[in-house]
1. Assign one of three labels to the chain, namely rounded, prolate or oblate, based on the Cα gyration tensor with a ≥ b ≥ c the square roots of its eigenvalues; rounded applies when a/c is under 1.5, prolate when it is not and a/b is larger than b/c, and oblate otherwise.
2. Arrange the peptides 539-549, 406-416 so that the one whose residues have, on average, the most other Cβ atoms within 10 Å appears first.
3. Extension gain Ser181-Arg515, at 0.36 nm per residue separation less the Cα-Cα distance, in nm?
4. What shape does region 487-631 take by its C-alpha gyration tensor, where a ≥ b ≥ c are the square roots of the eigenvalues and a/c under 1.5 counts as rounded, a/b above b/c as prolate, and the rest as oblate?
5. How much length is gained on full extension from Phe201 to Ser290, taking 0.36 nm per residue of separation minus their Cα-Cα distance?
6. If I model a spin label at Leu602 and Asp277 as a point 7 Å from the Cα along the Cα→Cβ vector, what separation in nanometres do I get?
7. What distance in nm lies between label points placed 7 Å from Cα along the C-beta direction at Trp211 and Ser311?
8. Could you order peptides 306-313, 235-242 by the average number of other Cβ atoms within 10 Å of their residues, highest first?
Amino acid sequence: MRPSARLLLLAWAAPAVLASAARAADDDWSQCGAGFQVPERPVSEVTGPGDGPETFYVSADEGDFVEGGVSTFTGNVEVEQGTRLLLTDELVHTQPDGTIDARGNVRFWDEGVFIAGDRARAEIERDVITVEPAATFMLEDRHGHGDAAVLTRFGDERTTAEDATYTTCNPGDADWRVTASHVEFDHVEEFGTARNMWVEFKGQRVFYTPWMSFPLSDRRKSGFLPPTFGVSGSQGIELTTPYYFNLAPNYDATLTARTMSDRGVQAQGEFRLLSRDYGSARLAAEHLPSDSKYNDDNRTAFDLSHRHRWSSRWSTDARLEWVSDPEYLDDLGSSLSQSSRTHLPRRFDARYGGGGWSAFMRFQDFRTVDRTAGRPYAELPRIFLRTNLPEKNRAPNVRATAELTYFEHRSRTTGTRVDVQPSFTYPLRTAGTFVTPKASLHFTGYDLNRTVAEASRDDDPSRLVPSFSLDSGLFLERPVTLSGKSLTHTIEPRLYYLRVPFEHQDDLPSFDTSRPSFSFAQLFRENRFSGGDRIGDADQVTVSLTSRLLDERGGELARASIGQIRHFRDRKVTLDGGEPKTTRASDLVAEVETRPAREWRLRAGIQYDTGTDRTEKNALNLRYQPDRRSVVNVGYRLVRDVHPSRTIEQADLSFVWPLGSNWRTVGRWTLALNEDRDQTQEAFGGLEYESCCWGFRAVARRFRRSGARSDGEDDYSNGLYLQLVLKGLTGAGSGTEALLTRSIPGYGNEF
């Protein structure tokens, strides 16, 4: 039996060296193999009954314990306290000074931490521990390791490291590392600071800062964020440097300098608020003085949004966007979705719900940013009321909606519209059938300010239109076995009859009414128009059939639907003086969605005109995703219009595909097939590289700008995007991850 002694001392806390790698726990280390190995912790032979968390157990080959003096332990010394274990060749405890000295082959284990050095000294009263010289450390959960000339831990509050290095690469294969003359970690405030810090990549110093602050956890900290850079035909060489202000736990701000070699320096700012009393808010503003590519004009934009739930029943939502010129988003925006916007909203919404009814009020206007797009009507305001009573089976149900809107426009007829629609239903439902008759009355009245061209028309027209519908269907199912699996197959026929008499409406304005895109859901709408200015006459029946394949838990493996409307008379109500519809059948609509295997997914839809024997709409989306690193998407879309110039026919291909264990290729190509000029709408392609501890992306992109330009610039924007990611430390680049996630369905970030 080895001699042992028990010491009652203050707790010895492990130095959490370079725990600043807050991202590392979320990174993927699968490329690293078994190169990173924390030395296995030996099974301690120290035992004891335990006198509290500050009790140490000491075991050694030889020991000389002196009460109140200097105690010495030599040979295979083990010190254990809770989850901590220290091994050393020699241990000296000086009780009068309150110090412990470990000498020779010092090794220390704690949860996820390993530290080694020649000597360690603990000052018990001050709760200070120093490991030196040439201390090494490993952080298991962060895949990090490094060394320092001196490591000092000041209780649980602070740790310092002198002449420290750190990397998340495998030992002996450090593609990158950081070095600093002094690093300090504040464990109370959970942030660290470094002085004279260099980032080395492939043996070359690539970045230096005399001082840097960084978080030790998800807790926010003021300081510079990683810069981004890129090259594009619109901006030239671009460098963005943001500074983050952690003003309070519930609000913060970011100021950014965006330097563009071809345009100048743009100032950007963002303020965010999250409050129980004031809701969530965001204010972003940008200003570029004297844009050298835009007649030296000043260019400005801002975006304000606010959302708050004032009580369980009341909430508000506000949004205000503004740009100084129509080409702003094309030139200075960062995505295709931004550049393709035609109007920027300016709105305020208020909602109420409870007590069996709900209310909605909106004030809305728009800033038009596409010169080819017409300006929509402003709604100042729109007030909408609805009853929200629960539906009762085999009982009468009465519901109602009411709307009051004032429409404003600079050059068109304006005025107020009142719209009221009560309805009555008596549903009859069973487990396998349903029949729902419904009767409605639709009243609309106007108080108009006509334009000179419409001065002869009535200023206060109105209409009253009743309607009746009967919705019915069956739900039939049977068990089936497919490839040894027990499934459920359903057949769901549905009949929907709609009767709406004709009411002359050509004298009514068209404030917000349009013809929505025809789809399977449109087969069961009471009104073929959207908005309140037109109510379509109807005497029709919809016949549809849906079939599903369900798994044992009710999950949908496949669904196919087909339907068509049969008209018993012509439709006379039109929009903007169009010709009445005389066909006796609507287009045939069919939809299919299935996953025949785990890696395959298919969605398809078709709208077929049986009268002209022509496809009016066609959509196909096919995805092949054998694993999380690979995906291929193929899409096709056709939307015909009576004006051939408005017909849309597009094909889309996007992919992420491995080229070995470290490389992936990414890309997307969207084509406008019906255009004679360059058919490319958007195209990008690039490469991703991922190693154990770093990754790199390079993406070249070209996309078409929207609208007509006043400065004669090219219709296309070209750019090169680069991103370097040092796992467990930070990334620098131009936001390529957001671009790929947005543009490639199924894309998964690997690093």
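Every number in this text was worked out from the coordinates using simple rules, so none of it is lab data. Predicted, not measured: the structure shown is a model, and the values here were computed from it. Here the Cβ is made from the backbone with ideal geometry for all residues, glycine too, and neighbour counts use every protein chain on show.
1. Details: a/c = 2.36, a/b = 1.99, b/c = 1.18.
Prolate.
2. Working: 539-549: 17.6, 406-416: 16.0.
So the order, starting with the most tightly packed, is 539-549, 406-416.
3. Working: separation 334, 0.36 × 334 = 120.24 nm, distance 6.85 nm.
Contour length minus the Cα-Cα distance gives 113.4 nm.
4. Working: a/c = 2.60, a/b = 2.04, b/c = 1.28.
Cα axes put region 487-631 in the prolate bin.
5. Values: separation 89, 0.36 × 89 = 32.04 nm, distance 3.79 nm.
Length gained, Phe201 through Ser290: 28.3 nm.
6. It is 6.0 nm.
7. 5.1 nm
8. Numbers: 306-313: 12.9, 235-242: 17.1.
Most protected by this proxy first, the peptides run 235-242, 306-313.
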